[in-house]
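Okay, so here's the structure we're looking at.
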Amino acid sequence: MIGRLHSVVLDCPDAEELATFYAELTGLEWADSDGYWVTLRGPDGHPRLCLQSVADFRAPQWPDPAFPQQVHLDVEVDDIGKAEKAVLRLGATLLQGGGSRNHGFRVYADPVGHPFCLVWGQD
């Protein structure tokens with residue numbers, strides 16, 4: 001095991017508006033918000049559902065591949081150096097412009113192109 005599932009993250013046009021919907025739907029508690037990113041959590045801290053405001057959001061249209069699903073996983077790791085080497089060995093690709101060692105996350109693509117983040121030092 002390289003890491004633990006930290007969060008499921010949904011892109012959306014307005015994170016706070018969609019968080020209100022999902023809090024009511026799931027009973028998850030509003031944990032934090034900066035206006036751009038909202039975290040909802042279960043009573044023990046997990047599961048975590050995060051909502052991320054995205055400019056020019058295009059809603060998915062099931063099952064039309066021209067409007068793909070905008071979801072990614074955050075995987076929590078203890079040691080980013082070891083984890084990065086391991087995911088790259090598995091076939092992941094580091095994506096440019098997505099986080100840094102100083103911001104507590106880095107963005108990768110799985111072997112078929114789905115983005116995911118390795119996160120560390122986060123609640």
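The values are calculated or read from the model by the stated rules, or taken from the named source; none is laboratory data. Here the structure is a predicted model, which means the values were calculated and not measured. Don't worry about glycine lacking a Cβ; one is built from the backbone with ideal geometry, like all the others, and counts go over all protein chains shown.
Among the residues of the range 16-42, those that are in contact with a Gly (Cβ under 9 Å, 6 or more places away or on another chain) and either at pLDDT below 95 or surrounded by fewer than 18 Cβ atoms within 10 Å (Cβ to Cβ) (or both) comprise 16, 26, 27, 29, 31, 42. Considering only the range 75-83, I want to know if a residue exists there that is under 26 Å from residue 25 (Cβ atoms), in a strand (DSSP E or B) and among the acidic types (Asp, Glu). Taking every residue of the range 75-83 in turn, at least one turns out to be under 26 Å from residue 25 (Cβ atoms), in a strand (DSSP E or B) and among the acidic types (Asp, Glu).
Are any of the residues in the range 57-71 aromatic (Phe, Trp, Tyr), closer than 17 Å to residue 37 by Cα and outside any strand (DSSP E or B)? Within the range 57-71, one or more residues are aromatic (Phe, Trp, Tyr), closer than 17 Å to residue 37 by Cα and outside any strand (DSSP E or B). Selection of the range 82-91 for residues being touching a residue at least 24 places away in the same chain (Cβ under 8 Å) and of a type in the set (Gly, Ala, Ser) yields 83, 86. Considered as a group, the residues in the range 31-81 that are basic (Lys, Arg) and free of Cβ contacts under 8 Å to residues at least 24 places away in the same chain include one that is nearest to residue 109 (Cα to Cα), and that residue is 58.
Among residues of the range 104-123 that are in contact (Cβ under 8 Å) with a residue 12 or more places away in the chain, those with a Cβ under 6 angstrom from a residue that is part of a strand (DSSP E or B) and among the acidic types (Asp, Glu), sequence gap 6+ or separate chain, pair up as 117/74; 119/74; 119/76. For residue 48, the conditions (1) exposed (fewer than 14 other Cβ atoms within 10 Å of the Cβ); (2) within 16 Å of the chain's Cα centre (by Cα); (3) closer than 24 Å to residue 121 by Cα; (4) of a type outside the set (S, T, N, Q) all hold with the exception of (1).
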